[in-house]
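First the structure, in the form of structure tokens, and then the observations on it.
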Amino acid sequence: MKYRKLGRTGLQVSEIGLGGEWLERHNTEEVKAVIDACEREGINILDCWMSEPNVRSNIGLAIKGRRDQWIIQGHIGSTWENGQYVRTRDLAKVKPAFEDLLTRMQTDYIDLGMIHFIDDPAEFDTVIYGEFMEYIRQLKREGTIRHIGISSHNPEVAKMAACQGEIEMILFSINPAFDMLPPISNIDDYFVESYDEKLGGIAPEREELYKLCEQNGVGITVMKGYAGGRLFDAQASPFGVALTPVQCLHYSLTRPAVAAVMVGFDNPQHVYEAVAYETASEEEKDYASVLASAPHHAFSTGQCTYCGHCAPCPVKIDIAMVNKLYDLAMMQEEVPGSIRAHYAQLEANASDCIGCKTCEGRCPFHVPIAERMQKARELL
């Protein structure tokens, strides 16, 4: 495993990290198996944005006695209300939720205290110049958090964070699909020169962000590096070709300021598939030649990446899971029985959708969720 300095935090993080999101759907033993595999492979950074109590406890149990081996990205503003995740700036809810994170993860500090999920510039200003940021500063003064970070999907907000001065690192969504410009006539123009050295073809605001972070010593950890798995399937990929985990990882890790890619693991095998990057050949890492021969490459922002920020749902649908099962089913000629069984076991599913569309207002990628719930109901 190779390690990189995370901006001016000075922390040395494994370039492959653990994004804890999918651990939410696993029991204590399964979570421990994944985290043990990560430790064996040299992974030392994990992200826990999830507010669900069991996953926090399971992660805490898995790292018990080895807390000092882990650099934890812990989110502030992610709360659990009425059995669902809710993003909030209400300190009456934020403070007990963060204290719960510390308790369940059996630690008295978080390495990277993450201002959770800001995609709106106006909200960024409200947070930075309000009581929420004062609480963040207090936590840092007390040593309860060691460094201040933020998570965002919006390059405009991320650039504001990179210039703010106190924010030392950003959790940002990066993959080839998110970065590319709208279609041009010749994709070969994107890769005229070495892609390790030139950022040709990246949307200008994203290229500017990465360079600005590098210049200001603001480290980046990456979310959505696989675009929710869509990039592994030619039919699901916006490029019309399939990339491998190694190629996706290489893309993110060749962006300026990027220190680590936080990968979601369902099982130890997924860990091994990701850390294969460390021994991969240059040919195996090469995404450029694959994209250069792709039949199309425009990315639609209406694609679900299963991030879960659409929650809470008034009827408690696990929207991310329904979308994932729907997409998996659409990749098959016939819907597998295992997918139907998993869908049937959900506490609430697409049939319970009331079409309120409040989830759509929270989705960072503008997914037409109500429409997809209707399609999922018909298919599953």
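Could you list, in sequence order, all residues of the range 153-162 that are closer than 12 Å to TYR210 by Cα and open to solvent by 10 Å² or more (accessible area, probe 1.4 Å)?
Across the range 153-162, the qualifying residues are PRO155, GLU156, LYS159.
Every residue, every condition in (1) closer than 18 Å to PHE172 by Cβ; (2) open to solvent by less than 10 Å² (accessible area, probe 1.4 Å), yes or no:
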position	(1), (2)
ASP108	no, no
MET114	yes, yes
ASP120	yes, no
TYR129	no, no
MET133	no, yes
ARG137	no, no
ILE145	no, yes
SER151	yes, yes
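Please verify whether THR305 is part of a loop (DSSP other than H, G, I, E, B), hydroxyl-bearing (Ser, Thr, Tyr) and either modelled with pLDDT of 80 or more or under 26 Å from GLU15 (Cα atoms) (or both), treating the condition exactly as stated.
Details: part of a loop (DSSP other than H, G, I, E, B): yes; hydroxyl-bearing (Ser, Thr, Tyr): yes; either modelled with pLDDT of 80 or more or under 26 Å from GLU15 (Cα atoms) (or both): yes.
The answer is yes for THR305.
Given the structure, is VAL315 modelled with pLDDT of 90 or more, within 30 Å of ILE118 (Cβ to Cβ), among the β-branched types (Val, Ile, Thr) and open to solvent by 20 Å² or more (accessible area, probe 1.4 Å)? Steps first, please.
Working: modelled with pLDDT of 90 or more: yes; within 30 Å of ILE118 (Cβ to Cβ): yes; among the β-branched types (Val, Ile, Thr): yes; open to solvent by 20 Å² or more (accessible area, probe 1.4 Å): yes.
In short, yes.
If LYS5 satisfies every condition in (1) in contact with an Asp or Glu (Cβ under 6 Å, 6 or more places away or on another chain); (2) over 15 Å from GLY225 (Cβ atoms) but one, which is the exception?
Unmet condition: (1).
Looking only at the range 60-75, count how many residues are under 27 Å from PRO312 (Cβ atoms) and in contact with a strand residue (DSSP E or B) (Cβ under 6 Å, 6 or more places away or on another chain). Steps first, please.
If we filter the range 60-75 for residues that are under 27 Å from PRO312 (Cβ atoms), which is where we start, we get 60-62, 72-75.
Filter once more, so that each one left must be in contact with a strand residue (DSSP E or B) (Cβ under 6 Å, 6 or more places away or on another chain): 72-75.
The total comes to 4.
Pull out all pairs, ordered by first then second residue, where Cβ-Cβ is under 6 Å, the residues are six or more apart or on different chains, the first lies in the range 228-251 and is free of Cβ contacts under 8 Å to residues at least 40 places away in the same chain, and the second is basic (Lys, Arg).
Close Cβ pairs (under 6 Å, with a partner that is basic (Lys, Arg)) amount to VAL246/LYS285; HIS250/LYS285.
Just name the residue that is farthest from the chain's Cα centre (by Cα) out of those in the range 1-50 that are modelled with pLDDT of 95 or more and of a type in the set (Asp, Glu).
Out of the qualifying residues, it is GLU29.
Taking into account only those residues within the range 351-380 that are open to solvent by 30 Å² or more (accessible area, probe 1.4 Å) and β-branched (Val, Ile, Thr), which is farthest from the chain's Cα centre (by Cα)?
Filtering first and then ranking leaves ILE354.
Report, by residue number, each residue of the range 65-86 that is surrounded by fewer than 18 Cβ atoms within 10 Å (Cβ to Cβ), of a type outside the set (Val, Ile, Thr) and assigned to a strand (DSSP E or B).
GLU81, GLN84
Kindly check whether there is at least one residue in the range 8-29 that is in a helix (DSSP H, G or I), more than 24 Å from SER78 (Cα to Cα) and not aliphatic (A, V, I, L, M). Let's see the steps before the verdict.
In the first step, residues of the range 8-29 are kept if they are in a helix (DSSP H, G or I); the result is 8-9, 20-25, 28-29.
Filter once more, so that each one left must be more than 24 Å from SER78 (Cα to Cα): 8, 29.
Those still in the list that are not aliphatic (A, V, I, L, M) too: 8, 29.
Yes, some residue in the range 8-29 is in a helix (DSSP H, G or I), more than 24 Å from SER78 (Cα to Cα) and not aliphatic (A, V, I, L, M).
Which of the residues that make up the range 7-30 are surrounded by fewer than 24 Cβ atoms within 10 Å (Cβ to Cβ) and in contact with a helix residue (DSSP H, G or I) (Cβ under 7 Å, 6 or more places away or on another chain)?
Hits for the range 7-30 are GLU15, GLU24, THR28.
Mind telling me which of the residues ALA348, ALA329 ends up being outside any helix (DSSP H, G or I), out of contact with any Gly (no Cβ under 6 Å at 6 or more places or on another chain) and open to solvent by less than 30 Å² (accessible area, probe 1.4 Å)?
Details: ALA329 fails: outside any helix (DSSP H, G or I).
After applying the criteria, what remains is ALA348.
Check off (1) open to solvent by less than 40 Å² (accessible area, probe 1.4 Å); (2) of a type outside the set (Ser, Thr, Tyr); (3) not in a loop (DSSP other than H, G, I, E, B) for GLN269 and give me the number that stays unchecked.
(1)
Condition first: buried (at least 16 other Cβ atoms within 10 Å of the Cβ), under 25 Å from MET180 (Cα atoms) and at pLDDT 95 or above. Now tell me which residues in the range 274-290 satisfy that.
Passing the criteria: ALA274, TYR277, ALA280.
The values are calculated or read from the model by the stated rules, or taken from the named source; none is laboratory data. In this text, all values refer to a predicted model and were calculated from it rather than measured experimentally. All Cβ positions, even for glycine, are placed from backbone atoms using ideal geometry, and neighbour counts span all protein chains on display. We work out accessible area using only protein heavy atoms, side chains counted, and drop any ligands, DNA or RNA first. Shrake-Rupley method; radii C 1.70, N 1.55, O 1.52, S 1.80 Å.
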